[in-house]
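Please read the structure below before turning to the comments.
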Amino acid sequence: MRKSLILIMVIAIGMISLVGFECFAEDVVKVGAVQPITGRFAFAGVQINAGLEDALMMANEDGGINGKKIEYIMEDGTYSVDKAVAAFKRIMARDNPLIMYGESTGMGKAVAPEVKDRYKVLYSSTSFSSELANAAANPYVFVPGPTYSDMFDILLKYIAKENPVPTWLFSTVTPNSAEIRFPMAAKHAKNWGSTWWPRKWPRWAVWMWLPRYWI
């Protein structure tokens, strides 16, 4: 987490010429975040928020950025796009941070147009969406790793090489994830000689089968 944040900060400093110097003229460097501290993804949001706090605290102990302390500003997005976008806009209006860190793909897509055209703030998040990773469409968005599509391709390429199996069962935790990732799985499964089995299972059936076919 700390290495990822340092990389994001280095990129942020490099983008000052694009964003402007006003936000860097203050005595502190503000980093904003919207994380699901409550709601169905609180189990992840609480830990991510703690990691962000620890990483920025360690950076401050090392002298901050060019001697400026880093101020961390966070609001709870509850893993709801509407609430997360509202929290994002509050932070931008009130604090004008140099960097914003979001909680989901849905939030990222919702704020992307204003990040590009209005706020011009470096934005990163927990999302690895191919759409957000499109630098031409989203020049201020930093996706710190392979996209979801790339991940599927890497996984299925490895499976095809090490332990080829003709049919796979994929499981996801949200309908939004299914809409985004299942078409990717179908495409890459075909590329690597596997069969995509597009089925919707009741929750009890998934839990019964996953221990045997978990990937």
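Scanning region 107-127 for residues that are small (Gly, Ala, Ser) and either buried (at least 21 other Cβ atoms within 10 Å of the Cβ) or touching an Asp or Glu at 6+ places or on another chain (Cβ under 6 Å) (or both) yields Gly108, Ser124, Ser125, Ser127. Within region 68-80, is even one residue in the same structural domain as Thr105 (by TED's automatic domain parsing) and without any contact (Cβ under 8 Å) to a residue 40 or more places away in the chain? Scanning region 68-80, I find no residue that is in the same structural domain as Thr105 (by TED's automatic domain parsing) and without any contact (Cβ under 8 Å) to a residue 40 or more places away in the chain, so the answer is no. Looking across region 128-143 at every residue that is more than 15 Å from Gly106 (Cα to Cα) and not aromatic (Phe, Trp, Tyr), the one that is surrounded by the most Cβ atoms within 10 Å (Cβ to Cβ) is identified as Asn134. The residues of region 102-145 that are under 21 Å from Ser80 (Cβ atoms) and hydrophobic (A, V, I, L, M, F, W, C), listed by number, are Met107, Ala110, Val111, Ala112, Val115, Phe128, Leu132, Val141. At least 1 residues being under 23 Å from Gly51 (Cα atoms) and in contact with a Phe, Trp or Tyr (Cβ under 7 Å, 6 or more places away or on another chain) is the threshold, and among the strands (runs of 3 or more DSSP E) wholly inside region 68-140 those reaching it are 99-102, 122-125. The set of residues in region 38-65 that are touching a residue at least 24 places away in the same chain (Cβ under 8 Å) and in a loop (DSSP other than H, G, I, E, B) comprises Thr38, Gly39, Arg40, Phe41, Gly64.
The values are calculated or read from the model by the stated rules, or taken from the named source; none is laboratory data. Source: prediction; values computed, not measured. In this analysis, Cβ positions are derived from the backbone assuming ideal geometry, glycine residues included, and neighbour counts consider all displayed protein chains.
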